[in-house]
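Undergrad: Pasting in a structure now, in structure tokens, and then I'll have a few things to ask.
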Amino acid sequence: MTADINLQTASSVTKTFAVALAVIGIGVGAVHWLTLGFSAWTTEAARRLTWESYPGHVPAVVVEGPGLSAQPLPALFLTGDDPTLVDFVYTNCESVCSALGSVFQRAQSAVEKGQRIRLLSISFDADRDDVATLEAYAKKLEAESRFWRFARVLEPSRQRELLDAFGITVRPDGRGGFEHNAALLVVDPNAQIVRAFDYDDLDAALSFAKSVRRSASAQNRYER
């Protein structure tokens with residue numbers, strides 16, 4: 001009798017253990033899939049890894065800015081053969097945007113020395129950042145318009161589409177400003193988002209940009 005009970009207990013434990021292993025296996029498999037093989041644990045990191053193999057498309061939202069007539073955003077990237085380094089800002093920002101402005105000033109210096117890349121800062125504060133405000137902001141940063149342009153979205157209803165396409169998260173901070181993530185985004189001359197770098201990793205972004213070329217095929221969008 002005791003032996004039967006022990007056998008039943010052992011069988012029950014074995015079944016429970018097997019079920020637990022199956023559940024763990026399913027969970028691990030799900031995490032593996034959701035994190036692109038455990039290589040990315042956040043949405044932003046996953047998006048960055050995806051862009052390395054599958055470039056993101058720039059939505060045709062209409063923008064304008066100092067010296068820029070209203071036009072679909074992709075048109076800014078399709079002119080010429082050089083890639084563009086993009087960041088997202090708002091002119092009243094006193095934290096991350098200030099750092100990005102300093103980074104882009106360094107990038108502009110690199111362009112002046114021969115680096116073939118264009119610079120574009122896009123404001124996500126369309127209510128306050130009109131063309132005149134962006135122009136004043138550009139002057140404050142000593143931006144050269146032939147290298148570094150500024151733009152704003154004309155259609156507020158499509159701003160979320162643009163931010164999502166570039167992986168930018170923005171939310172009110174409760175003090176009249178915004179909390180947002182920041183990155184240096186490389187867009188190739190085919191208007192495709194091909195890479196993102198941390199905003200303090202300008203050297204890597206500029207180095208990568210040297211390999212970016214216009215091509216008729218997205219499969220060969222840059223030299224490896």
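Undergrad: Could you pull out every one of the strands (runs of 3 or more DSSP E) wholly within the range 162-204 that has 2 or more residues that are surrounded by 16 or more Cβ atoms within 10 Å (Cβ to Cβ) and under 9 Å from the mean Cα position of the chain (by Cα)?
TA: 184-187, 192-197
Undergrad: Failed condition for Arg146, given (1) under 20 Å from the mean Cα position of the chain (by Cα); (2) closer than 22 Å to Asp82 by Cα; (3) in a loop (DSSP other than H, G, I, E, B), with all others met?
TA: Result: Arg146 passes all but (1).
Undergrad: Spot the failing condition for Leu85; the list is (1) part of a helix (DSSP H, G or I); (2) touching a residue at least 40 places away in the same chain (Cβ under 8 Å); (3) within 15 Å of the chain's Cα centre (by Cα), and only one is missed.
TA: So Leu85 meets the others, but not (1).
Undergrad: Among the candidates Trp51, Trp33, which residue alone is out of contact with any strand residue (DSSP E or B) (no Cβ under 9 Å at 6 or more places or on another chain), in a helix (DSSP H, G or I), at pLDDT below 90 and not polar (S, T, N, Q)?
TA: After applying the criteria, what remains is Trp33.
Undergrad: Quick one: is Glu135 assigned by TED's automatic domain parsing to the domain that holds Asn181, surrounded by 15 or more Cβ atoms within 10 Å (Cβ to Cβ), over 15 Å from Val61 (Cα atoms) and not hydroxyl-bearing (Ser, Thr, Tyr)?
TA: For Glu135, the condition - assigned by TED's automatic domain parsing to the domain that holds Asn181, surrounded by 15 or more Cβ atoms within 10 Å (Cβ to Cβ), over 15 Å from Val61 (Cα atoms) and not hydroxyl-bearing (Ser, Thr, Tyr) - is met.
The values are calculated or read from the model by the stated rules, or taken from the named source; none is laboratory data. Just so you know, these numbers come straight off a predicted model, no measurement behind them. FYI the Cβ positions are ideal-geometry reconstructions off the backbone, even for glycines, and counts take in every protein chain you see.
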